[in-house]
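Peer 1: For reference, the structure I am asking about is given below.
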Amino acid sequence: MFSKNKIKSLLSRPEFSALAIFIFLIVVFTFVNERFLNSRNFMVILSTYPELALVALGITILMISGEFDLSVGSVFAVSPIVTMILIADYELHYIVSILLGLLAAAFIGFVNAIVTVKFKIPSFIATLGMLFMARSIAVVISGGFPPSVPKDLPTDWLVGRVDMLRVSIFWLIGIALICNYILKKTNFGSWIYATGENKEAAKDLGINTFWVKTTCFIICSVLAGFAGIIQSFRIKTVITSLGQGLELQAIASAVVGGASLMGGIGSAFGALIGTFLLLIIDNILILSRIDGNWFKFAVGALIVIAVILNTLTKNSADKIRLKDDD
Amino acid sequence: MSKDLLKCSKLNKWYGNLHALKNVDLEINKGEVIGLIGDNGAGKSTLIKIICGVHGLDNGEIYFEGHKVNIKNPKMAMDLGIETIHQYNTMFQEMSIARNVFIGREPVKFGLSSLSILNEKKMNLESMKAIKDVGLDLRSPHIPVKELSGGERQGVAIARSMYFKSKMLILDEPTNHLSVKETLKVLEYVQSLKSIGIGSIFISHNLYHVHEIADRIVGMARGEKVCDMPKEDTTVNELIKLIG
Ligand SMILES: Nc1ncnc2c1ncn2[C@@H]1O[C@H](COP(=O)(O)OP(=O)(O)OP(=O)(O)O)[C@@H](O)[C@H]1O
Ligand SMILES: [Mg+2]
């Protein structure tokens, strides 16, 4: 038998409702469409998954720290464009070019942080501004037409096929494990949660909340940039509209995965499940030949349902009071 | 070696146009309890926030153990040995008791200073020990603070300051929302600090409590210090008249 203790700690995990919905939908979708649960279909789902999940993971970490980033979709384009320009026009080594592409993302994250934290502007506004500025930079530095991905560019280490999967899924798993470890097992992780929940108290207890938030902004931006590079390597082209609209999808994934807009709550695992949920809903609509415009409806409904469920399970977890014998 | 622990001279603080501290002097000896009293808005919290590094100082000087110090942030105050229990809630509801006790000063196994692996075993053991030491009986270090009562939370805050065995302890209305029994525990705790040479500032609106535990009583009104005397020289009734 499960002890009350175990049930309670399971219910109070931020990603619990997402996981419940996930299992529920997998079962339902399997009945709705027999092609859903076949391996080829999952391969389709998983091909774009690492890219979206990395962005959602970054957003989740930032949300735990109590901030928010609308510019990830634009950063998703800036990093690969910078990388390709450096490879094609400046003939830099591709690894160096990728690192510089990520550095550009880090810089954008840093600017977001300075504007938000130093000038005490809501990150919603600061990063809305950056959404436009970064997209504009992506277009301007490439003259509207970024160089094409060179044929001989080694891409296997990032997006090569392994059986039915792409290597990028292993990058995602590795990065997610590291993020999870940092969040749960290190002092910095503790400070992220503390800063997100009660910034003033965190500051008064000696935590440098400015650097905690700045680091989270940078992590979020770099993960978005890296995801953009993965996508451009996978589809072997870079266009200036890469990642357009991605920010809302990533935020939806983070929220569905249990991250709280108020800060202080969320998990790396939640971001992974949240992203997967969005993708399987998209997938079942396509499989069932339902008008694609229903996707937004479904995502909207999912967000609301997941958040309601989150609140309900959290409340019931709080109600389970442990007695001494548990 | 002097007995002087903290000496503040001519502290001034403005919040915009509001002159919240006007040339305030304050001295605390080792093992001494200062009772700090005054009406709402008198400037008590402002004074202690300057000492513990939460607010900057506009002008004035602070000496700690005889040395002039420039306390720029809470971390510097803590490093000097000044622990503070604030008037407002400094607990993190979603985090466990153990995490709350050690937040910002976690024991670590290895790593770089700001990115190190937590020594959770030590955190769990020591936090429970610290909580027992303040007379609180909580079952597990894993319980999230949101499940504790107001008094238990205050107990955790006190355990936190106690664990880091400071040289000086500041308590800003620590007995708010506490039951009679728990209040007594806090008072007893402050008393016990005297014997180990820790100086403390105890802020409260309950003049009976202040009179009971303080060695010296400092009264403030409208940003100024209006009285500073050994408690033997005064009575509760006189204090009521003085600041009321
Ligand atoms: N951060 C701040 N910004 C602006 N004004 C402030 C700030 N903090 C306090 N004040 C003002 O400074 C004055 C002194 O406030 P303070 O908090 O020091 O009073 P207090 O003596 O602690 O009162 P209480 O007993 O109600 O806690 C008040 O008039 C208050 O409104
Ligand atoms: Mg006060």
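The values are calculated or read from the model by the stated rules, or taken from the named source; none is laboratory data. Values in this document were obtained by computation on a predicted structure and should not be read as measured data. For neighbour counting, all protein chains shown are included, and Cβ atoms are generated from backbone atoms with ideal geometry for every residue, glycine included. SASA here: full protein model, heavy atoms, side chains in, ligands and nucleic acids out. Shrake-Rupley method; radii C 1.70, N 1.55, O 1.52, S 1.80 Å.
Peer 1: A:ALA77 is checked against (1) open to solvent by 10 Å² or more (accessible area, probe 1.4 Å); (2) under 19 Å from A:MET133 (Cβ atoms) and fails just one. What number does that condition carry?
Peer 2: (1)
Peer 1: Considering each of A:ILE265, A:ILE308, A:ILE273, A:ILE286 in turn, give the residue that is crowded, with 16+ Cβ neighbours inside 10 Å and part of a helix (DSSP H, G or I).
Peer 2: Values: A:ILE265 fails: part of a helix (DSSP H, G or I); A:ILE308 fails: crowded, with 16+ Cβ neighbours inside 10 Å; A:ILE286 fails: crowded, with 16+ Cβ neighbours inside 10 Å.
On inspection, the qualifying residue turns out to be A:ILE273.
Peer 1: Continuing with this model, one more query. Could you tell me whether any residue of segment B:192-202 is over 17 Å from B:ASP4 (Cα atoms), within 16 Å of ligand 1 (Cβ to nearest atom) and surrounded by 21 or more Cβ atoms within 10 Å (Cβ to Cβ)?
Peer 2: yes
Peer 1: Take the residues in segment B:93-110 that are β-branched (Val, Ile, Thr) and open to solvent by less than 40 Å² (accessible area, probe 1.4 Å), then tell me which one is nearest to the chain's Cα centre (by Cα).
Peer 2: Filtering segment B:93-110 for residues β-branched (Val, Ile, Thr) gives B:97, B:101, B:103, B:108.
This time we only want the ones that are open to solvent by less than 40 Å² (accessible area, probe 1.4 Å), so: B:97, B:101, B:103.
On the way: B:ILE97: 19, B:VAL101: 15, B:ILE103: 17 Å.
Selected residue: B:VAL101.
Peer 1: Moving on to the next point. Of the conditions (1) under 28 Å from B:SER200 (Cβ atoms); (2) under 24 Å from the mean Cα position of the chain (by Cα), B:LYS122 clears all except one; give me its number.
Peer 2: (2)
Peer 1: Sort through B:SER140, B:SER149, B:SER166, B:SER195 and tell me the only one that's within 14 Å of chain A (Cβ to nearest Cβ), farther than 30 Å from A:ASN5 by Cβ and more than 16 Å from ligand 2 (Cβ to nearest atom). Write out each step before concluding.
Peer 2: On the way: B:SER140 fails: farther than 30 Å from A:ASN5 by Cβ; B:SER149 fails: farther than 30 Å from A:ASN5 by Cβ; B:SER195 fails: within 14 Å of chain A (Cβ to nearest Cβ).
Being within 14 Å of chain A (Cβ to nearest Cβ), farther than 30 Å from A:ASN5 by Cβ and more than 16 Å from ligand 2 (Cβ to nearest atom) holds for just one of B:SER140, B:SER149, B:SER166, B:SER195, which is B:SER166.
Peer 1: Kindly list, by first and then second residue, each pair from a residue in segment B:188-211 that is more than 22 Å from B:HIS177 (Cα to Cα) to a residue that is open to solvent by 50 Å² or more (accessible area, probe 1.4 Å) and of a type outside the set (Phe, Trp, Tyr), limited to pairs with Cβ atoms under 6 Å and residues at least 6 apart or on different chains.
Peer 2: So the pair list comes out as B:GLY197/B:LYS30; B:GLY199/B:LYS30.
Peer 1: Given (1) within 16 Å of ligand 1 (Cβ to nearest atom); (2) within 14 Å of chain A (Cβ to nearest Cβ); (3) of a type outside the set (Asp, Glu), identify the lone condition not met by B:CYS227.
Peer 2: The number of the failed condition is (2).
Peer 1: Evaluate segment A:148-170: report whether one residue or more is outside any loop (DSSP other than H, G, I, E, B), within 11 Å of another protein chain (Cβ to nearest Cβ) and touching a helix residue (DSSP H, G or I) at 6+ places or on another chain (Cβ under 6 Å).
Peer 2: Narrowing segment A:148-170 to residues outside any loop (DSSP other than H, G, I, E, B): A:156-159, A:161-162, A:165-170.
In the following step, the residues that additionally are within 11 Å of another protein chain (Cβ to nearest Cβ) were identified as none.
The answer is no; no qualifying residue exists.
Peer 1: Can you tell me how many residues in segment B:23-75 are more than 13 Å from ligand 1 (Cβ to nearest atom), of a type outside the set (Asp, Glu) and farther than 26 Å from B:VAL186 by Cα?
Peer 2: Looking only at that region, the number is 14.
Peer 1: If a residue counts only when it is at pLDDT 95 or above, open to solvent by less than 20 Å² (accessible area, probe 1.4 Å) and within 16 Å of ligand 2 (Cβ to nearest atom), which strands (runs of 3 or more DSSP E) contained entirely in segment B:12-92 have at least 1 such residues? Walk me through how you get there before you give the answer.
Peer 2: On the way: elements: B:18-29, B:33-38, B:59-64, B:67-69, B:82-85.
Where strands (runs of 3 or more DSSP E) fall fully within segment B:12-92 and carry at least 1 residues being at pLDDT 95 or above, open to solvent by less than 20 Å² (accessible area, probe 1.4 Å) and within 16 Å of ligand 2 (Cβ to nearest atom), they are B:18-29, B:33-38.
Peer 1: Going by the structure shown, is A:ILE178 open to solvent by 20 Å² or more (accessible area, probe 1.4 Å), over 15 Å from A:ILE64 (Cα atoms) and not small (Gly, Ala, Ser)? If you could, list the steps in order and put the result at the bottom.
Peer 2: Numbers: open to solvent by 20 Å² or more (accessible area, probe 1.4 Å): yes; over 15 Å from A:ILE64 (Cα atoms): yes; not small (Gly, Ala, Ser): yes.
When the stated conditions are applied, A:ILE178 passes them.
Peer 1: Right, something else. Output the residues belonging to segment B:97-119 that are of a type in the set (S, T, N, Q), more than 8 Å from chain A (Cβ to nearest Cβ) and more than 15 Å from A:ALA202 (Cα to Cα).
Peer 2: Applying the first criterion (of a type in the set (S, T, N, Q)) to segment B:97-119 yields B:100, B:113-114, B:116, B:119.
Next, only the ones that are more than 8 Å from chain A (Cβ to nearest Cβ) stay: B:100, B:113, B:119.
B:SER113, B:ASN119 - these are the residues of segment B:97-119 that are of a type in the set (S, T, N, Q), more than 8 Å from chain A (Cβ to nearest Cβ) and more than 15 Å from A:ALA202 (Cα to Cα).
Peer 1: A follow-up question, please. From the set of residues in segment A:65-96 that are in contact (Cβ under 8 Å) with a residue 60 or more places away in the chain and among the acidic types (Asp, Glu), which is nearest to A:ILE192 (Cα to Cα)? Don't jump to the end; show me each part of the working.
Peer 2: Looking only at segment A:65-96, we keep the residues that are in contact (Cβ under 8 Å) with a residue 60 or more places away in the chain, and these are A:65-81, A:83-85, A:87-88, A:94.
Next cut, among the acidic types (Asp, Glu) only: A:67, A:69.
Details: A:GLU67: 11, A:ASP69: 16 Å.
Here the residue is A:GLU67.
Peer 1: Which residue is farthest from the other protein chains (Cβ to nearest Cβ), if the candidates are limited to segment B:203-224 and must be among the charged types (D, E, K, R) and either within 16 Å of ligand 1 (Cβ to nearest atom) or open to solvent by 60 Å² or more (accessible area, probe 1.4 Å) (or both)?
Peer 2: The first filter runs over segment B:203-224 and keeps only residues among the charged types (D, E, K, R), leaving B:212, B:215-216, B:222, B:224.
Adding the requirement that they be either within 16 Å of ligand 1 (Cβ to nearest atom) or open to solvent by 60 Å² or more (accessible area, probe 1.4 Å) (or both) leaves B:212, B:222, B:224.
On the way: B:GLU212: 28, B:ARG222: 25, B:GLU224: 25 Å.
Out of the qualifying residues, it is B:GLU212.
Peer 1: For A:LEU99, state whether it is more than 24 Å from A:TRP191 (Cβ to Cβ) and without any contact (Cβ under 8 Å) to a residue 12 or more places away in the chain. Please lay out each step first, then the result.
Peer 2: On the way: more than 24 Å from A:TRP191 (Cβ to Cβ): yes; without any contact (Cβ under 8 Å) to a residue 12 or more places away in the chain: yes.
Judged against the criteria, A:LEU99 is a match.
Peer 1: I'd like the full set of residues that are open to solvent by 60 Å² or more (accessible area, probe 1.4 Å) and either modelled with pLDDT of 90 or more or of a type in the set (A, V, I, L, M, F, W, C) (or both), limited to segment B:133-161.
Peer 2: B:HIS142
Peer 1: Pick from segment A:191-207 the residues that are of a type in the set (Val, Ile, Thr) and part of a helix (DSSP H, G or I): which of them is farthest from the chain's Cα centre (by Cα)? Spell out how you get there, then give the answer.
Peer 2: In the first step, residues of segment A:191-207 are kept if they are of a type in the set (Val, Ile, Thr); the result is A:192, A:195, A:207.
Cutting the leftovers down to part of a helix (DSSP H, G or I) gives us A:192, A:195.
On the way: A:ILE192: 17, A:THR195: 20 Å.
It comes out as A:THR195.
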